[in-house]
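Here the structure is laid out as structure tokens; the discussion comes afterwards.
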Amino acid sequence: MSYENILFEIHDGVGVLTFNRPKVLNALNPQTLDEVADVISRAAREDAIRVLVLTGAGDKAFVAGADINEFLKFNTLSARYFAEKGQGIFFEIEQLPKPVIACVNGFALGGGCELAMACDFIYASEKARFGQPEINLGIIPGFGGTQRILRLIGRARAKELCMSGEMIDARQAKEIGLVAKVFPADQLFDETMKAARMLASKSPAGLRSIKKVIDCGSDIDLRSGCALEAEAFGVLFGTEDMREGVSAFLEKRKPQFKGSLTK
Ligand code: COA
């Protein structure tokens, strides 16, 4: 598939997807969502992609939301289909058995904030702004935002953000647990790539297990979550990467994890 609305490159095991619709602050239209879905399915198939980074072109926006130009064309059914399409792709990001980092360089509003929340964690520039402003259009978040923000920051703050439609800055977003780290704008991409390369050097099966157990665990009770954890812990003792990690520690050398998720 050739891409018109995004750029995609692979560097040292890290796939970098850049939203590239600067005239609309990288807003998501249906075709952009299709292109994202294509990258996610490539990332699932290709061992050469060990970590994904999502970012926005330019210095103003990560993604300023769903493309509002499409909205007046929608009726009840097509709007629901659009929401389900976005939700489906964001679930694919969560289900991708590899780390996905949102590198938020500017506005992450509406669908952009929802997209960032579907990633494993968010690194943000000091210039980043987050919000769910859909209420100002007379609608609500449709790409899973009400549900993920609830799980990430709790009921009261989730309601305050979605009901007010207000934007918060990166520092506030970090305070409430939405953002993992904040960097000066000119350092954000390099710092994100440093973290992504570090993750690309770890055991793929281990990373997959962490992602799965934590994501499943956030929806189930503690005992069931711990049962899943014990299962995954046991499975990893059957991997070459576990032998390599433990041997490297005992031999006082750096481990070389070569595990594959596809072979
Ligand atoms: N969909 C479509 N176009 C969008 C967009 C979106 N979500 N967000 C921004 N744009 C467009 C603007 O219409 C404008 O186009 P124009 O140059 O043809 O007029 C261009 O991007 C630049 O945006 P502008 O509003 O001029 O920049 P700003 O710095 O004054 O404001 C924002 C930036 C992000 C605060 C403002 O654009 C905004 O509120 N966008 C909508 C955010 C939103 O509601 N997202 C949720 C959608 S469900």
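Some values worked out for this structure:
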| quantity | calculated |
| --- | --- |
| Dipole in debye (nearest 20) - the chain, about Cα centre, beta carbon charges: Lys, Arg +1; Asp, Glu -1 | 440 debye |
| Approximate spin-label separation GLU231-LYS181, in nm, with each point projected 7 Å along Cα-to-Cβ | 3.3 nm |
| Under-5 Å amide H pairs with LEU28, H placed in peptide plane, nonlocal only | GLY65, ALA66, ASP67 |
| Whole-Hz ³J(HN,Hα) from phi, Karplus 6.51 cos²θ - 1.76 cosθ + 1.60, for the range 149-155, glycine and proline x | 5, 4, 5, 7, 10, x, 4 |
| In Hz, Karplus ³J(HN,Hα) per residue of the range 252-259 (6.51, -1.76, 1.60; θ = phi - 60°; x = Gly, Pro) | 6, 9, 7, x, 10, 7, 10, x |
| Cα-based Rg and Dmax for the range 204-250, where Dmax is the largest Cα-Cα distance (Å) | 12.1, 37 |
| Fully extended contour minus Cα-Cα distance, from LEU137 to PHE71, at 0.36 nm per residue | 22.8 nm |
| Surface accessible to a 1.4 Å probe, per residue, for the residues of the range 46-188, Å² | 47 Å² |
| Tensor-based shape of the range 6-200 (alpha-carbon gyration tensor, a/c under 1.5 rounded, otherwise prolate or oblate) | oblate |
| Virtual spin-label span in nm between SER164 and SER2, 7 Å along Cα→Cβ | 4.7 nm |
| Fluctuation leader among LYS181, LYS127, LYS194 - the chain, Gaussian network, Cα springs under 10 angstrom | LYS194 |
| From phi via Karplus (6.51, -1.76, 1.60), per-residue ³J(HN,Hα) for the range 7-20 in Hz, x at Gly/Pro | 10, 9, 9, 10, 10, 6, x, 10, x, 10, 9, 10, 5, 9 |
| FRET efficiency, ARG243 to CYS216 (Cβ-Cβ, R0 30 Å, nearest 0.05) | 0.70 |
| MRE, 222 nm, helices only [DSSP H, n ≥ 4, -39500 (n - 2.57), over the chain, to nearest 500] | -14500 deg cm²/dmol |
| Candidate aspartates and glutamates - alpha carbon under 19 Å from LYS258, same-chain residues fewer than 8 apart omitted | ASP12, GLU46, ASP47, GLU240, ASP241, GLU244 |
| Relative packing of peptides 97-103, 226-232, 43-49 - highest average C-beta neighbours within 10 Å first | 97-103, 43-49, 226-232 |
| Within a Gaussian network of the chain (alpha carbon springs, distance under 10 Å), most fluctuating of PHE189, PHE233, PHE249 | PHE249 |
| Student exercise, the range 141-209 dipole from Lys, Arg, Asp, Glu Cβ charges, in Debye to nearest 20 | 440 debye |
| The chain: relative contact order in percent, alpha carbon pairs under 8 Å with at least 6 residues between | 17 percent |
| Cut-off under 5 Å, modelled amide H: who pairs with ALA128 long-range | ALA170 |
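The values are calculated or read from the model by the stated rules, or taken from the named source; none is laboratory data. Not measured: the values here are computed from a predicted model. FYI the Cβ positions are ideal-geometry reconstructions off the backbone, even for glycines, and counts take in every protein chain you see. When the accessible area is computed, the model is the full protein with side chains, heavy atoms only, and any ligands, DNA or RNA have been set aside. Shrake-Rupley method; radii C 1.70, N 1.55, O 1.52, S 1.80 Å.
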